[in-house]
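Structure first, then comments.
No value in this document is a laboratory result; all are computed from the given coordinates. All values derive from a computational prediction rather than experimental measurement. Every residue, glycine as well, gets a Cβ built from its backbone with ideal geometry; the counts of neighbours run over all protein chains shown.
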Amino acid sequence: MTVPSATELPDERLAAGAARLAVRHAGRFSPETVRDLLADSYRRLAEPARVRTHLVVLAERLTEERLAALAHVTSDPGEGPRRVLFVCSRNAGRSQLAAALLTHRAAGRVTATSAGTEPAAETDPNVAQALAELGVDLAEVFPKPLTDEVVRAADIVITMGCGDACPVVPGRRYLDWPVADPEGAPPATVRRIRDDIDSRVTELLATLNDH
């Protein structure tokens, strides 16, 4: 039986993405590190058959986010904008709403990311519609698994209904937002949840601007 090498890709179509990422992060991460992370991202999205379409493209996007988080972890303290990570169970509703709204309101002053402890296959369409009503586009967004890099890179971790599965890393500021789950809710309810999260995001941004 042949044992795969540490940098063997599970899908040959990933090779082009690995090359792009390696060039983009040359001088900071080795091509082997990039390939390892890309292969891991692909497997996390593919198993157990969670993502069936655009898997290669989504694996590259997830890897880019993980590499950016790793780069932040290894950079000088205080370098770059503050990073806020929103975590819920499915990463299809609450955490997507919060990350998108913070990105929209912060206008580049804060980097907002989101992840799920048990991510869904796709973002809730009612959530996407509620954000579109505010001019926020979720076309490029997809539910992502929670990884160690994004937790360690976050200055603030905001949990939203993931219970004991939510991450705990020493040295991070933690907040818990008791926000209703929009999964399966009608559009009017999703809008109320959106507005609740938006008010919390506005308050959070005000405290970040004070520091």
Within a Gaussian network of the chain (alpha carbon springs, distance under 10 Å), most fluctuating of Asp76, Asp181, Asp148:
Asp76
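Find out how many positive minus negative residues lie around Ile156, taking Lys and Arg as positive, Asp and Glu as negative, among other residues whose Cβ is under 12 Å from that of Ile156.
Details: positive: Arg82, Arg83, Arg172, Arg173; negative: Asp155, Asp176.
Net local charge, Ile156 excluded: +2.
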Calculated FRET efficiency for the pair Arg24/Ala206, C-beta based, R₀ 41 Å, to 0.05
0.75
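Cβ under 14 Å from Arg20's Cβ, Arg20 left aside: what net charge do those residues give with Lys, Arg +1 and Asp, Glu -1? Please report the intermediate quantities before stating the final value.
Values: positive: Arg13, Arg24, Arg35, Arg61; negative: Glu60, Glu64.
Local net charge: +2.
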Classify the range 98-169 as rounded, prolate or oblate, taking a ≥ b ≥ c as the square roots of the eigenvalues of its Cα gyration tensor: rounded when a/c is under 1.5, otherwise prolate if a/b is larger than b/c and oblate if not.
oblate
Taking Cα atoms, how many degrees apart are the long axis of helix 55-74 and the longest axis of the chain, rounded to 10 and kept between 0 and 90?
80
With each run of n ≥ 4 DSSP H residues scored as -39500 (n - 2.57), what mean residue ellipticity at 222 nm is computed for the chain after dividing by its residue count and rounding to the nearest 500 deg cm²/dmol?
-15000 deg cm²/dmol
Mind checking the full-extension length gain between Ser75 and Glu8? Use 0.36 nm per residue of separation minus the Cα-Cα distance, one decimal, nm.
21.3 nm
Helix 94-106: inclination vs the chain longest Cα principal axis, degrees, rounded to 10, gives 80
Charges at C-beta only: +1 for Lys and Arg, -1 for Asp and Glu. How large is the resulting dipole of the chain about its Cα centre, in Debye rounded to 20?
200
Degrees between helix 31-46 axis and first principal axis of the chain (Cα, 0 to 90, nearest 10)
60
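Counting only C-alpha contacts under 8 Å and six or more residues apart, can you give the relative contact order of the range 81-211 as a whole percent? Could you put the intermediate results ahead of the total?
Details: 235 pairs, mean separation 40.1, N = 131.
After rounding, I find 31 percent.
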Give the cysteines in the chain for which no other Cys Cβ lies under 4.7 Å away, or write none if there are none.
Cys88
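Arranged from highest to lowest average of other beta-carbon atoms within 10 Å per residue, in what order do the peptides 36-45, 12-21 appear?
Values: 36-45: 21.1, 12-21: 16.0.
Descending packing order for the listed peptides: 36-45, 12-21.
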Normalised by the number of residues in the range 1-140, what is the relative contact order in percent for Cα pairs under 8 Å and 6+ residues apart?
17
